[in-house]
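Below you'll find the structure, written out as structure tokens, and then a few comments.
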Amino acid sequence: MPGKGWIAGLAATVVLSVLMVMKTMRGVMPERDLPKLLAMMMGSPDSPMAG
């Protein structure tokens, strides 16, 4: 039986995928960039670091 973390990760992935498909198909939240919003909420920098 999968652990709770695995199920939570799957649920979050499904929800984010549905939001991104809705955004693309119907123009819902056209001003929102979901990956950038999530990165900002997690405290990552605005620009990627070059190594």
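The values are calculated or read from the model by the stated rules, or taken from the named source; none is laboratory data. Since the structure is predicted, the reported quantities are computational estimates derived from the model, not experimental observations. All Cβ positions, even for glycine, are placed from backbone atoms using ideal geometry, and neighbour counts span all protein chains on display.
Structural remarks
- Unmet requirement for I7, which otherwise passes all of (1) more than 14 Å from the chain's Cα centre (by Cα); (2) at pLDDT below 85: (2)
- Subset of region 18-34 (residues that are exposed (fewer than 11 other Cβ atoms within 10 Å of the Cβ) and at pLDDT 75 or above): V18, T24, M25, R26
- Lone unmet requirement of (1) modelled with pLDDT of 70 or more; (2) exposed (fewer than 10 other Cβ atoms within 10 Å of the Cβ) for M1: (1)
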